[in-house]
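In what follows, a single structure is set out as structure tokens and then discussed.
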Amino acid sequence: MAMTLRLSEADDRLLTDRARTENRSKQEIAREAIRAYLEDHNRRIEDLEDDLALARYSLRRELGEVTYTPHTEARRALGLDRPAGQ
């Protein structure tokens, strides 16, 4: 999908200077900058999702909705404590 990136004159000059300095096209530099921005944005969203999950768990724990099952009881409930060969 093609898209047009509209830059101010100052930004266009900076992009042109960088392209000339790095001996690359303006389009290549712009693509790289957009890709880096999107990757950073995605990382921030993932971090916020992690924070939300921890906050939800903390709330459930504070409300008494979190329960723990002892290891032996969990194995028994899953049928994992049968002797070998059965």
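Laboratory data are not the source of any read-out in this text; all were calculated from the coordinates shown. Quick caveat: nothing in here was measured; it's all calculated off a predicted structure. When we count neighbours, we look across all protein chains shown, and the Cβ atoms used for this are built from the backbone with ideal geometry, even at glycine.
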Quiz item: How much length is gained on full extension from ALA77 to ARG61, taking 0.36 nm per residue of separation minus their Cα-Cα distance?
Solution: 3.4 nm
Exercise. With a point put 7 Å past each Cα toward its Cβ, work out how far THR69 is from ARG24 in nm, to one decimal.
Key: 5.3 nm
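Only loop residues by DSSP count here, and only those with at most 16 other Cβ atoms within 10 Å; note down the GluC sites (Glu not before Pro) in the stretch 18-86 that meet that.
For GluC sites (Glu not before Pro) across the stretch 18-86 that sit outside H, G, I, E and B with at most 16 neighbouring Cβ atoms in 10 Å, the list reads GLU65.
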Practice problem: Give the residue from GLY79, ALA10, TYR57 lying farthest towards the positive end of the charge dipole for the stretch 1-85; charges sit on Cβ (+1 for Lys and Arg, -1 for Asp and Glu) and the dipole is referred to the Cα centre. | Solution: GLY79
Self-check item: Residue-averaged [θ]222 nm for the chain, counting only DSSP H segments that reach four residues, each worth -39500 (n - 2.57)
Solution: -23500 deg cm²/dmol
Quiz item: For the chain, list the DSSP H helices whose alpha carbon atoms reach 24 Å or more along the long axis and whose average Kyte-Doolittle value is -1.0 or above?
Solution: none
